[in-house]
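Quick note: the coordinates plus some simple rules give every number you see, no bench work behind them. Please read these numbers as outputs of a predicted model, since none were measured by experiment. Here the Cβ positions follow ideal geometry from the backbone for every residue, glycine too, while neighbour counts run over all protein chains shown.
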Amino acid sequence: MPSEIDNREKIARRVAQELHDGASVNLGIGIPTLVPGFLDPRAEVVLQSENGMLGAGPYPWEGEQDPDLINAGKETVSELPGSSYFSSAESFAMIRGGHIDVTILGAMQVDEKGNLANWAIPGKKLSGMGGAMDLVAGAKRVIIAMEHTSKDGQPKIVKSCTLPLTGVAVVDLIVTELAVVAITPEGLVLREVAPGLTAEDVQKVTEARLLRAPDLKTIAI
């Protein structure tokens, strides 16, 4: 079976293919922070970190880390030519003002209506919602990058979220190590499956009903 790290990298690599020249993109913590490492170096994608950085680059090489350059997950990042820095207030003005084209976030659950739960599990210690609620409300497109099931094997793509919601009907696309799923008015559309898998394999580990796209493809990673 593929390792967790392998799965995370597969997801990040596929998500990177969704980002196009000219896009301003916010990265959530977890798997989304791996995405810069898989962007085409020629791509003109501007990465925004909600803690106050525009023009963030991939993780730095060993020995080249600058402790003052961090992302929202407190991980060191590199800076690209033209990078700029600003306060958290200005950062959220960008987010709430609709100036972010895409936000890439992790999730605990996404349901068939595009509702998102990614910040709290009842009974467990909370560190707060962070900027997720603002991001899903302000970004033009919301992509979820997550593993297909929880650590105990429970589906994370569900009929209806049972965890506290971050946003209602906000998700546009889900990318997991097994599949690429689009949220549409007709329901969840399975657009791509991992190499060696079938639509039936993916449905077995998905609680919500998946509609098979007529042109169902294999994930190119």
#### Entry: Extension gain from residue 59 to residue 43, taking 0.36 nm per residue of separation minus the Cα-Cα distance
4.1 nm
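If you stretched the chain out fully between residue 20 and residue 76, how much longer would it get, using 0.36 nm times the residue separation minus the C-alpha to C-alpha distance? Before the final figure, lay out each step's value.
Details: separation 56, 0.36 × 56 = 20.16 nm, distance 2.42 nm.
Computed gain between residue 20 and residue 76 is 17.7 nm.
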### Message
Just to be sure I follow the rule: in the chain, considering lysines 8 or more places apart or on different chains, how many pairs have Cα atoms under 14 Å apart?
### Response
4
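Report, for the chain, the % of DSSP beta bridges that are antiparallel, rounded to 5. Can you show the working numbers first?
Values: 19 of 39 bridges.
Restricted to the chain, the bridges split so that about 50 percent are antiparallel.
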### Of all DSSP beta bridges in the stretch 17-96, antiparallel share, percent nearest 5
65 percent
### Query
Given only helices, namely DSSP H runs of n ≥ 4 each adding -39500 (n - 2.57), what is the per-residue ellipticity at 222 nm of the chain, to the nearest 500 deg cm²/dmol?
-4500 deg cm²/dmol
### Task
Can you find, among 211, 37, 63, the residue farthest towards the positive end of the dipole of the chain? Put +1 on the C-beta of Lys and Arg, -1 on that of Asp and Glu.
211
### Query
Taking the stretch 36-116, which chymotrypsin sites (Phe, Trp or Tyr not before Pro) meet the DSSP loop condition and have no more than 15 other C-beta atoms within 10 Å?
61, 86
### Message
Please list, in order along the stretch 161-167, the HN-Hα scalar couplings obtained from phi with the Karplus expression 6.51 cos²θ - 1.76 cosθ + 1.60 (θ = phi - 60°), rounded to whole Hz, x for Gly and Pro.
### Response
4, 10, 8, x, 7, 8, x
### Task
Might you report the magnitude of the Cβ-based charge dipole of the stretch 1-120 about its Cα centre, with Lys and Arg at +1 and Asp and Glu at -1, to the nearest 20 debye?
320 debye
### Query
Which of the peptides 147-154, 103-110, 172-179, 53-60 is most tightly packed, and how do the rest follow, going by the mean number of other Cβ atoms within 10 Å of each residue?
103-110, 172-179, 53-60, 147-154
### Task
Kindly list the residues of the stretch 169-190 that lie in the label zone of residue 217, defined by a backbone N under 17 Å from the point 7 Å along the Cα-to-C-beta vector.
173-183, 189-190
### Query
Taking amide hydrogens as modeled 1.01 Å from N in the peptide plane, which residues meet the under 5 Å criterion relative to residue 70, leaving out close sequence neighbours?
77
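Let's test the formula: R0 of 25 Å, r as the Cβ-Cβ distance of residue 92 and residue 68. What FRET efficiency results, to the nearest 0.05? Each step should come with its number before you reach the end.
Details: r = 21 Å, r/R0 = 0.82.
My answer for the efficiency is 0.75.
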### Task
Could you work out which residue, out of 144, 29, 157, moves most in a Gaussian network model of the chain, that is, has the largest mean-square fluctuation with Cα springs under 10 Å?
29
